[in-house]
Structures are given as structure tokens and as C-alpha cells.
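Take a look at the structure set out below.
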There are 2 protein chains.
Amino acid sequence: MKKEDIAIAFKKLQEDICYALQEEDGNGQFISDIWQRPEGGGGDTRVMQNGNTLEKAGVNFSAVHGPVSKKMNDAFGLDADEFYATGVSIVIHPYNPFVPIVHMNIRYFELPGKTWWFGGGIDLTPIYIDEKEAKFFHGQLKNTCDVFDKNHYPEFKKWADDYFFIPHRNETRGIGGIFFDRLMGKDKKELFDFVCAVGRTFAPTYCHIVRDKKNTTYDKSHKKWQGIRRSRYVEFNLLYDKGTKFGLDTDGRTESILMSMPPLAEWHYNYTPAIGSEEEKTLQFLKKGKAWV
Amino acid sequence: MKKEDIAIAFKKLQEDICYALQEEDGNGQFISDIWQRPEGGGGDTRVMQNGNTLEKAGVNFSAVHGPVSKKMNDAFGLDADEFYATGVSIVIHPYNPFVPIVHMNIRYFELPGKTWWFGGGIDLTPIYIDEKEAKFFHGQLKNTCDVFDKNHYPEFKKWADDYFFIPHRNETRGIGGIFFDRLMGKDKKELFDFVCAVGRTFAPTYCHIVRDKKNTTYDKSHKKWQGIRRSRYVEFNLLYDKGTKFGLDTDGRTESILMSMPPLAEWHYNYTPAIGSEEEKTLQFLKKGKAWV
């Protein structure tokens, strides 16, 4: 598996996902910003704003390379002169508070002549947690994982629980999903097939959830809660997310990295949902270690 | 100067500032949350939400102490067993996009038996930069500084330019002001008098600006630009602000630390103001090294 072939497959996946999301939305169009990185490589950032259902959807592809700065080596515990990285990264913020925020990423990283690895994952951030939906989502991920290795789902599900955690809120970001990094050492083609399968699981799974929820009626109180949950998403991404940090530390393209930010977010001082409310029920679910399947 | 006397003076300053802001707003009331820190000390977080003019205003006082964790020593380059910290910290987000966001902080830090220092500053983040207002604001700060040391204003103005900078946007957060840290070694009483003078400069200066702008008419386009500028404020505070990091790293009270977050913020992909617009003029001003006085 040459890195160029991995990048070609990832680019194709980006196209397929944009097509599927556009079909599902029925109105919004992705615009494409093709950009180059002065130190090497570039990307294609596709963003839909103001779709029917999808308020802000970013589907990034990038394949970048170049020298490794000291800051980058220190931050990521590397000792390398050069790197190559390609990946697809998605964050979607829908209008309707009953349609969850979603994130997907698959990535390949290489320190030429030294080592390589794959990473990625999918996780869901419902504004209102629906147990049936959560089971469906985790079930889809488990099905994909099980084709490759029965240990993948439990291991990567726990990894997502630990990764998508907001310590200062003592909350998980959402209901998790799967997360994995530095997969290496085994057959490279098999790992490649696995991350591609994760990538292909994304569109049908999320579109199913969108179709199921996009016509749910909502009011101002639901939008307020969505604004608050989105603010927690912002806090996680800016304070803890390694991809965001990596992007900003390597002088990545700011608008491509921060396409993950919600179109609108709200911070209310010391907001506490009423006991027994749907909002409070959702908060109760935002804990590590919940077995959904 | 005993640390207890410094804390008493800071608490009094908090009271005076809340009173002045409430008088200026005419409608909003500060609510007070008195909290204790399990490891030692506590604070009084005062927040006004939905005032006439002030949409969200936080005026924090705290005086905390306790053991220094390894994480804290590492993060702040210290080598201490115990610390004491007291301060007043303010962030105000007004409704009207023509009234600037403001931040003020004064603080005293002590490693008992080892060392102590003062820090602080005031800086202004206009949504639309008004040169006359910027000159007034910097003039007020210079006047206060000059009473103590003619070198203070130029030195602390540069410090603010460097500190309130958002590298991934290549923008300053606003028009700066003054910032200083680790002031020590000279007469302690004089440094205390200086930070108190900075604290007392805050209310009359900001209230003057509020009065001047609060009745300016605005429309949706101004509110959108306010939402975007507020998102940059969020990015700075979560990615770069040392006070936020210190607070979260020392398991501070999350709601008191993040009272600085705006009530609403907006992220639009790749937003670029029209050439010659007021928004673009403001962006042009967001550079280091602008001499306002």
C-alpha cells in the first residue's frame, strides 16, 4: 500500500460522502475550497451551509507533507524529520435539535522510512439522547468492526469514551462511538480496508438517523439546549481535541480545521436543567462506560 | 502587606465595580454565587444576565490556596508545595454590537515563604473599532500608569499586544490595553497601590464607553459580525488564555472560569468582510503595535 493509493481512496470516499449527504439534504450544496500548504501538500475542504436539514456540514480531505518542526515532535512525542498525513474529517451540525451532531475521521500518518499508522473513528453527539438511536448507531459500528476483529468494537468503544470526555464538565461529549489511533504492525492492507470500512459506514448510518429525526417538531427551549450542547462541543474541540491541536500547531489551514465549530453556540451561566426534564435525562447519559450494544 | 489585606481590598473593589455596573445598566442585577474550593479557599462569582445593556457580565472574586500539584508546577514553571492566589476578574458582553467587550483582571499570587507577585491588566475588544474610543481607552490606562511609572504604559501596552494575540487568525483579540505579570521585587505596597489603581480605572472608563455607544442603532448584519467577533474571543480564551488554563488545570470552579464565554457566538465558514466595509476596517486595525496615544 503506497501512501498515494491511500490518499486516492480517501479522496474518493470524500466524494461519495458529499454525494450521499447532498442527496439526503435535498437542498444544500457543498462548496469546494481547494487549498495548498506552502510546506507541502494541500486539501479539498467541502462545506455546506444552510441546507434544508444540515445547517453546517464540513467534509475535509487533505494530504499534507513536509518537515517536522520541533514543536510538532515535542507535542506528539515524535523524533522525525519529515511527515506525511492524509485523511478525511467530517463534522455536521444540523438545524433540528433532535438530529445529532456527528463526527467522523479516518487518517493515515507516515514518517517516511521510519513508521506509519492509521487512526480514526466515528462518534455521535445527540442534543437529546434517544436510546433506540444510540443502540442503532453503536450496532452499526459494531457490525463494521466485527468483520475485521471481534476485539475492535469493545476496545475502540472504550477508547472513544475516554477520548471524547470533557473533564471540566465531567461529561462525555456525546454517546461516543469508536476511536482508534496508531494502528500498525499488522497487515497494512487489512488495516487500510478496516479504516475504509469505517469511512463507508458513516453515510448510510448518519443518513438513517437524519431521516428518522429531521421532521421532529421543536421549539425555542429545544434550540436553547442545542446551543448549550454545542458550546460543550466547542469547549472539547478547542481545549482537548488532538486533531485540532495538531492542525493549529502545524500551521494548518485555520478555516478547514475550525469548520468543526458550530454555526451558533450559547453559554448560559450555571445552567442546570430541571429535574426529570429531557435535558436532564440526556445529561445523565453523558457518562463513560455505558454499554449500548 | 499581608495577603489577607490584599484579598480584602480586592473584594471591596469587586463590590464597587458591581455597584457601578448595575447603576450604569439600570435594570440588570448581579446574582452572587459564593463557593468554596475543597482544597482551600473559595470565591464570590457575580453574574448579571439580560441587563438592559449588558447581556452577560461576570465579576469574579476569589482567594484560593492549597497544595501545588505536579501538573501545576510543570505548567507554570514553578517548584512549590503550596500557593495562595487572590484576584478580581471581569468579562462583559453587551448586547449592542457598538459597545465593546471588556476584560479586566488584577491578581496577587504567593508561594508562601518563597516569593510573591502581582499581575493584571485591562483590554478592550470592540466589534467595530472607533479610533476616538480607542484613544480615550488607552489614554485612561496611560494616565493611571503614569502616576506610578512612566515606563509602565509603553511596556504593559506592548505586553497586551503580544498576549492578546490569536496566532491562527493572525489577529489581535481587540485593541489591547495593558497586561502585566510577575511584578515583584519593588516596594510591595506601591505595586499593590498600582494594581488597585488599575482596578479602579475600570468602571469609570468602561461606563463612559457604554454610555457613549449604548443607544447606537444596529441591525442583523451588525449582530452577525458581533457573533463572529465573539467566536474569536472564545477561540482565544480556550486555546491561549493562561488564566483559563490555570483555572481548569487547578480544578477551579468551571462556571466561574467560563463566565468569560459569550452568551452567543457564531462561526461562519471562511467569512470575509467586503472590501471597504466597516467590518473590514476593524479587521485592519487588529494588528500588534498600533500606537493609540
Along Cα→Cβ at 7 Å, what distances in nm separate the A:ASP251 label point from those on the other copies, shortest first?
-> 4.0
Please determine, in degrees from 0 to 90 and to the nearest 10, the orientation of helix A:220-239 with respect to the longest principal axis defined by the Cα atoms of chain A, where the helix direction is its Cα long axis.
-> 30
When each of A:LYS245/B:LYS135; A:LYS142/A:LYS213; A:LYS71/B:LYS142; A:LYS71/A:LYS142; A:LYS142/B:LYS245; B:LYS242/B:LYS281 is checked by Cα-Cα distance, pairs over 31 Å | A:LYS245/B:LYS135; A:LYS71/B:LYS142; A:LYS71/A:LYS142; A:LYS142/B:LYS245
Under 17 Å from a point 7 Å along the Cα-to-Cβ line of B:SER69: which residues of segment B:235-272 have their amide N that close?
-> B:242-258
A convex hull over the alpha carbons of segment A:141-263 yields, per residue, a volume in Å³ of 142
Starting from the Cα of B:ASP79, move 7 Å in the Cα-to-Cβ direction to define the label point; list residues of segment A:65-82 whose amide nitrogen is under 20 Å from there.
-> none
Placing a label point 7 Å from Cα toward Cβ, how far apart in nm is B:LYS132 from its equivalents in the other copies, listed shortest first to one decimal?
-> 6.3
Dipole size in debye (nearest 20) for chain B around its Cα centre, Lys and Arg Cβ +1, Asp and Glu Cβ -1?
-> 480
For A:PHE61, what charge total do you get from the other residues with a beta carbon under 10 Å from its beta carbon, if Lys and Arg give +1 and Asp and Glu give -1?
-> +1
Check the axis relating chain A to chain B and name the residue of A whose C-beta is nearest, distance in whole Å.
-> A:LEU238, 2
Overall dimensions of the protein assembly as shown by Cα: Rg and Dmax, Å | 24.9, 74
Cα-based Rg / Dmax (Å) for segment A:78-178 | 15.8, 48
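Mind checking the full-extension length gain between A:ASP162 and A:ASP181? Use 0.36 nm per residue of separation minus the Cα-Cα distance, one decimal, nm.
Between A:ASP162 and A:ASP181, full extension yields 5.6 nm more.
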Unit charges at the beta carbon, dipole of segment A:3-285: most positive-side option, A:VAL47, A:GLY120, A:SER221 | A:SER221
Restricted to segment B:1-149, the DSSP antiparallel beta bridge percent, nearest 5, is 100
Relative contact order for chain B using alpha-carbon pairs under 8 Å, separation at least 6, rounded to a whole percent?
-> 18
Let me see the pair-distance distribution of segment A:197-242: every alpha carbon pair, 10 Å bin width, integer percents in order.
-> 22, 27, 43, 8
Log10 I(q)/I(0) at q = 0.10, 0.14, 0.15 Å⁻¹ for segment B:206-293, from Debye over equal alpha-carbon scatterers, is -0.37, -0.72, -0.82
Give me the Debye-computed log₁₀ of I(q)/I(0) at q = 0.13 Å⁻¹ for segment A:3-285, equal point scatterers on Cα only, no solvent, two decimals.
-> -0.88
What are the distances, in nm and sorted shortest first, from the label point of B:ARG182 to the label points of the same position in each other copy, with each label point placed 7 Å from Cα along the Cα-to-Cβ direction?
-> 3.3
Ranked from highest to lowest mean number of other Cβ atoms within 10 Å per residue, what is the order of the peptides B:3-15, A:194-206?
-> A:194-206, B:3-15
Does anything in segment A:135-161 have its amide N under 15 Å from the 7 Å Cα→Cβ label point of A:HIS208, and if so which residues?
-> A:135-147
What is the calculated FRET efficiency for A:LYS220 to A:ARG169, with r their C-beta to C-beta distance and R₀ = 25 Å, to the nearest 0.05?
-> 0.60
Normalised by the residues of segment B:1-115, what does the relative contact order come to in percent, with Cα pairs under 8 Å and at least six apart?
-> 21
Would you kindly calculate the mean projected area, averaged across all directions, of the convex hull enclosing the Cα atoms of segment A:1-132, in square nanometres?
-> 9.7
Of the residues B:PHE148, B:TRP267, A:SER256, the Cα lying farthest along the dipole of the protein assembly as shown towards its positive end, which is defined by charges on the beta carbon of Lys, Arg, Asp and Glu, belongs to B:TRP267
Roughly what angle does helix B:3-25 make with the longest principal axis of chain B, taking Cα atoms, 0 to 90 degrees, to the nearest 10?
-> 20
Going by alpha carbons, how many degrees (0 to 90, nearest 10) lie between the helix axis of B:131-148 and the longest principal axis of chain B?
-> 20
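FYI, it's all coordinate maths here, none of it is from the lab. Nothing here was measured: the structure is a model prediction, and the numbers come from that model. When we count neighbours, we look across all protein chains shown, and the Cβ atoms used for this are built from the backbone with ideal geometry, even at glycine.
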